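Report on one structure; see the data block that follows.
The values are calculated or read from the model by the stated rules, or taken from the named source; none is laboratory data. None of the values given here were measured: they were computed from a predicted structure. Backbone-built Cβ (ideal geometry, glycine too); neighbour counts: all protein chains shown.
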Amino acid sequence: MYRMYDLIEKKKNNEELSKEELRFIVEGFTNGSIPDYQMSAFLMAVYFQGMTKQETFEFTMAMKESGDELDLSQISGVKVDKHSTGGVGDKTTLVLAPMIAALKVPVAKMSGRGLGHTGGTIDKLEAFPEFMTSLSEEKFITNVNTYKIAVAGQTKNLAPADKKIYALRDATACVNSIPLIASSIMSKKLASGADGICLDVKVGSGAFMKTIEEASLLANTMLDIGKGADKQIVCVLTNMDEPLGNAVGNTLEVMEAIDALQGNGPKDLMEVVYTLGSQMLLMANAADNEEKARTLLESTISDGSAFQTFCKFVEIQGGNPKDCLHMKDLLDVSYTEEVYLDSDGFVSSIDAQKIGHASMLMGGGRANKEDVIDLSVGVVLHKKVGDRICKGDSIARVYGNDKDRLMAAINEVKEAYCLTKDEVKPNKMILNIMK
Ligand code: URA
């Protein structure tokens, strides 16, 4: 039997904790025998001292085993999960999942809701009235076996230790620690039961990881955990120095995803979609090299099969597939306003966090987990990094339901843009692929 006091002291002094000690901490905190104040002190000690590779792995496995684990063995084929560390305007899953499913590779995806300035896939899917984001395990498995696709919110109690630890980290300024982020993400991914894991590690102003160095460290930590657990795993480092695509806001992002599935996706979004998708197809043994994988993915857009799969997916999860053709009619906003700048030049950066915040100010995101969000509000950017702006050009359109909040959002959008006199190249989207 251990004493939590001694384990905090040990971590504070930068000594390595054993598997048994880490399990004692995770199990004790989950069952309530270790109080919040001791766990907070431990997490802060981890924040400053870090964790060794072995500690990070054992901490992750203890969190993974703290609750239910999905058994996807009844789904035939190689199941590859995709996860993003969180970005602004990130509708990648909405585009990628039907493309992969259209190639008959199973997509069994557990998704989350958004918190703060980043959005979650489950909220976006609720833009379809009657869409069921909660599926029984049986229905989830049947849908994947029959239609190759299911995307649902977490119903089972996956990694409850992470949920409790994350809430404490959030309240005690301990979110931004690489071993804690890596173990948090990986405990949930490992409990979700996929054979392969494709991680989109966002880098830049709108992401947890602001620099490529930090993001590489996070990616390496997650790769070590995944390999230690005998999973296929790849990390793609992608740019989040500006929002992904043009739309930010739930219904607006679904509209953009549908445009993308119909062949009209913004270039930056499609680059991320094709790169992640290629890695997923390679892991599922559905293509033997990246070039062939990309060609296969492109064919799902040009032959319409990805869009058809998306419509079917909406239907089997309770939505009306006809909405996919008339998404605009579901936008319920009282005000739309164009945004203008007083200067001209080339766009050198667009602070993604500020754009996410603008949408949140209008009710499009949650400050607290319990907040109800307005699915229709948001921002559509007309100008991206590298574009030229002349006075009088609209840089963006904001969609809102409250005049004062809309005005505040307009100011936030204006502040997000930086211009220079010199020509600027568009952002490079794929920063690294790490395996
Ligand atoms: N996403 C997670 O799931 N956990 C973290 O700690 C950070 C991002």
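At a glance:
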quantity	calculated
Some residue of the range 157-175 being away from the ligand (no atom under 13 Å from the Cβ), in contact with a Lys or Arg (Cβ under 9 Å, 6 or more places away or on another chain) and over 17 Å from MET110 (Cα atoms)	no
Hits in the range 75-130 - residues which are basic (Lys, Arg) and either within 16 Å of the ligand (Cβ to nearest atom) or surrounded by fewer than 24 Cβ atoms within 10 Å (Cβ to Cβ) (or both)	LYS79, LYS82, LYS104, LYS109, ARG113
Tally, over the range 409-420, of residues that are assigned to a helix (DSSP H, G or I) and surrounded by fewer than 17 Cβ atoms within 10 Å (Cβ to Cβ)	3
Pair list, Cβ under 7 Å, 6 or more apart: the range 155-168 residue assigned to a strand (DSSP E or B), other residue within 11 Å of the ligand (Cβ to nearest atom) and modelled with pLDDT of 90 or more	LEU158/LYS188
When residues of the range 345-390 are limited to those that are of a type in the set (A, V, I, L, M, F, W, C) and assigned to a loop (DSSP other than H, G, I, E, B), the one surrounded by the most Cβ atoms within 10 Å (Cβ to Cβ)	VAL377
VAL151, sole failed condition from (1) buried (at least 20 other Cβ atoms within 10 Å of the Cβ); (2) within 16 Å of the ligand (Cβ to nearest atom); (3) modelled with pLDDT of 90 or more; (4) closer than 30 Å to LYS354 by Cβ	(2)
Number of the condition not met by ILE233 [criteria: (1) under 23 Å from SER76 (Cα atoms); (2) part of a helix (DSSP H, G or I)]	(2)
Any hit, the range 181-203, residues being at negative phi, touching a Cys at 6+ places or on another chain (Cβ under 8 Å), assigned by TED's automatic domain parsing to the domain that holds ASP241 and near the ligand (Cβ under 9 Å from one of its atoms)	no
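Yes/no matrix, rows are residues, columns are (1) farther than 27 Å from THR155 by Cβ; (2) outside any strand (DSSP E or B); (3) of a type outside the set (Val, Ile, Thr):
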| position | (1), (2), (3) |
| --- | --- |
| GLY193 | no, yes, yes |
| ALA215 | yes, yes, yes |
| MET255 | yes, yes, yes |
| ILE258 | no, yes, no |
